[in-house]
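Novice: Pasting a structure below so you can have a look.
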Amino acid sequence: MNTRLSPTNDQDRIVTLDMLRGFALLGIILANSLHFQFGLLYDTDLTNPYPNGFIDQLSEAFILILVQASFYPLFSFLFGYGMAMQKTRMLEKGLNFNAVYWRRTVILGIVGYIHGIFLWNGDVLFAYAWTAALLFFFLMMPARGLIISGLIIMGLLGSCAAVPDAFWNIGTEGMVEDPSIAFSEKEVDVLSEGTYAEIVSFRLTENPLWPGLFGEILMVLNGVITVIGLFLVGAYVMRKGWIADPFLHKKKWKWIMWVGLIVALITKSPTVFFADSMQLEYLQMLVGGPFLTAFFVAAFTLAATTEAGRKLLQPFSFAGRMAFTNYLTQSLVMTFIFYPYGLGLFNSIGVFAGGMIAIAVFIIQVILSKLWLNYFRIGPLEWLWRAGTYMTVPKFKR
């Protein structure tokens, strides 16, 4: 038996997962195009998302229904799946999984913190690292425990959609200023005219939930609570082999696909017409988002069972194999395009143009990823992450 610690080989990869990772990258940059151009909280009262009129409004509706709050659940599902798969494969080889897991998680947290401060404050990796720390203990459960825990957590979150808007307004009448509004006002100012140093300083000192350290803790807790259920569902699906052996579970995936699509459209559409409703916002985010993720996973898994489907979706796999590198590169490129230390297009070109830029950036990433993988086994940041995780020098060139 080979007991040497080593990363996953090419032949061990599940192509459907790479396709889904690539698709998630497209959705993430498209959703984030609103936030790169108009601020973290996308406050339409402080910005001008519709300079081009109807086409911007239509683009916003498309993003809100089919993209917003639908791709971070997909990324979270895939992360949980990947962690569970790594544990399963290492234990099958008789290897010590614990040290590898914690090194991987710590490196992710460090990269996420640096990314959130020096590139973009919409980072998810730092919260993912804390969630991964919690996931470690959940992975000791059998598959049944994972799915029950995951669905309970997601159900409790989804129950927020049953709370009427009047409840969320209790206690706000006497507030001198809503912290989120104050945050957005300062953010719009600094992202419109600030220097790079001023933008970094803003990220270090301002928070949309609460000032100071307490606000930072709330941000992390909010991230962990939001995604841990999806991590657990991803781990469960891995344990049950639903993606690894899609033919065996084809009927199940078809049922999931249609239920996911129908529920997602019903729960996500109302926010387009009632944008100021906190109740409907929670409905589309905490209920609609996960159901649309279920549709995406099912649709891709079913498509990958056919030759035509695999050929159609293959370009996503190129970007997906370099998901870590591409995710961070998206922040680098998009902040340069929109922030004042770069091209300075913040709050100036509208939702439609911002979305087109996001799609163009992703297409370029697909092309460059394909070219890169012709000569190298993995992306540059994936290589560094694996080197730190496995304490070895992974093969890089083909």
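All of the numbers you see were taken from the coordinates with simple rules; none came from a lab. Remember, predicted model here, so these are calculated numbers, not experimental data. Please note: Cβ atoms are built from the backbone with ideal geometry, for glycine as well, and neighbour counts cover all protein chains shown.
Novice: Let me have the 222 nm mean residue ellipticity of the chain computed from DSSP H runs of 4+ only, each contributing -39500 (n - 2.57), with the sum over all residues rounded to the nearest 500.
Specialist: Result for the chain: -23000 deg cm²/dmol, rounded to the nearest 500.
Novice: Between residue 45 and residue 209, what is the FRET efficiency for a Förster distance of 22 Å, r being their Cβ-Cβ separation, to the nearest 0.05?
Specialist: Details: r = 19 Å, r/R0 = 0.86.
Efficiency, rounded to the nearest 0.05: 0.70.
Novice: Rounded to whole Hz and in sequence order, give me ³J(HN,Hα) for the range 242-256 from the Karplus expression 6.51 cos²θ - 1.76 cosθ + 1.60, θ = phi - 60°, writing x for Gly and Pro.
Specialist: With coefficients 6.51, -1.76 and 1.60, one gets 5, 8, 5, 10, x, 4, 5, 10, 4, 4, 4, 5, 5, 5, 4 Hz.
Novice: What do you get for Rg/Rh over the range 247-289 if you use C-alpha atoms and the Kirkwood form of Rh?
Specialist: For the range 247-289, the value is 1.19.
Novice: How big is the range 82-146 in terms of Cα radius of gyration and Dmax, in angstroms?
Specialist: Using the Cα atoms of the range 82-146, the pair Rg, Dmax is 13.6, 41 Å.
Novice: May I ask for the percentage of alpha-carbon pairs in the range 1-126 that lie more than 18 Å from each other?
Specialist: Percent of Cα pairs beyond 18 Å in the range 1-126: 66.
Novice: Quick one: which residues, 5 or more positions from residue 376 or on another chain, have an amide H under 5 Å from its amide H? H modelled 1.01 Å from N in the peptide plane, none for Pro or chain starts.
Specialist: Hits under the 5 Å cutoff: 398.
Novice: Apply the Karplus curve 6.51 cos²θ - 1.76 cosθ + 1.60, θ = phi - 60°, to the phi angles in the range 317-326 and return the couplings in whole Hz, x for Gly and Pro.
Specialist: 5, 4, 5, x, 5, 10, 4, 4, 4, 5
Novice: Decide, for the range 116-169, between rounded, prolate and oblate: order the square roots of the alpha carbon gyration tensor eigenvalues as a ≥ b ≥ c, take rounded if a/c falls under 1.5, and otherwise choose prolate if a/b is larger than b/c, else oblate.
Specialist: Since a/c reaches 1.5 but b/c is at least a/b, the shape of the range 116-169 is classed as oblate.
Novice: Here's something else I'd like to know. Could I have the simple spin-label model distance between residue 136 and residue 375, label points 7 Å from Cα toward Cβ, reported in nm to one decimal?
Specialist: Between residue 136 and residue 375, the label points sit 3.8 nm apart.
Novice: Nearest 10 degrees, 0 to 90: what angle lies between the long axis of helix 380-390 and the longest principal axis of the chain (Cα atoms)?
Specialist: 60
Novice: Sorted from largest down, give the three principal axis spans of the alpha carbons of the range 178-334, whole angstrom values.
Specialist: On the principal axes, the range 178-334 reaches 53, 35, 30 Å in Cα extent.
Novice: Looking only at 217, 29, 378, which one moves most when the chain is put into a Gaussian network model with springs between Cα atoms under 10 Å?
Specialist: Evaluated over the chain, the most mobile residue of the options is 217.
Novice: What angle do you read, to the nearest 10 degrees and between 0 and 90, between the alpha-carbon axis of helix 179-193 and the longest principal axis of the chain?
Specialist: In the chain, helix 179-193 runs at an angle near 90 degrees to the longest axis.
Novice: Also, I was wondering about something else. Going by a ≥ b ≥ c, the root eigenvalues of the Cα gyration tensor, does the range 82-237 fall in the rounded group (a/c under 1.5), the prolate group (a/b larger than b/c) or the oblate group?
Specialist: oblate
Novice: Right, next: Below 19 Å, Cα to Cα, which lysines can residue 251 reach? Residues fewer than 8 away in the same chain don't count.
Specialist: 240
Novice: Something else about it: All other residues with a Cβ under 13 Å from the Cβ of residue 328 taken together, and with Lys, Arg as +1 and Asp, Glu as -1, what is their net charge?
Specialist: -2
Novice: Can I ask one more? Could you give each residue of the range 93-108 its phi-based ³J(HN,Hα) in whole Hz, using Karplus coefficients 6.51, -1.76, 1.60 with θ = phi - 60°, and x for Gly or Pro?
Specialist: Karplus values, whole Hz, x for Gly and Pro: 8, x, 9, 7, 7, 4, 4, 4, 4, 6, 5, 4, 5, 5, 4, 4.
Novice: Against the longest alpha carbon principal axis of the chain, how many degrees, from 0 to 90 and to the nearest 10, is the axis of helix 196-205 turned?
Specialist: Relative to the chain, helix 196-205 is tipped by roughly 90 degrees.
Novice: Kirkwood-based Rg over Rh for the chain (C-alpha set), two decimals? Mind showing how you got there, number by number?
Specialist: Working: Rg = 20.9 Å, Rh = 22.0 Å.
With Rg and the Kirkwood Rh in hand, the quotient comes to 0.95.
Novice: So if R0 is 35 Å, what FRET efficiency would residue 143 and residue 387 give, r being the distance between their Cβ atoms, rounded to the nearest 0.05?
Specialist: 0.65
Novice: Place the peptides 351-359, 298-306 in order of packing, highest mean first, counting for every residue the other Cβ atoms within 10 Å and averaging per peptide. Let's see the in-between values first.
Specialist: On the way: 351-359: 21.7, 298-306: 19.4.
Sorting 351-359, 298-306 by mean packing, highest first, produces 351-359, 298-306.
Novice: What translational diffusion coefficient, in µm²/s and rounded to a whole number, does the Stokes-Einstein relation yield for the range 35-88 at 10 °C and a viscosity of 1.306 mPa s, taking the hydrodynamic radius as the Kirkwood radius over Cα pairs?
Specialist: For these conditions, the coefficient is 118 µm²/s.
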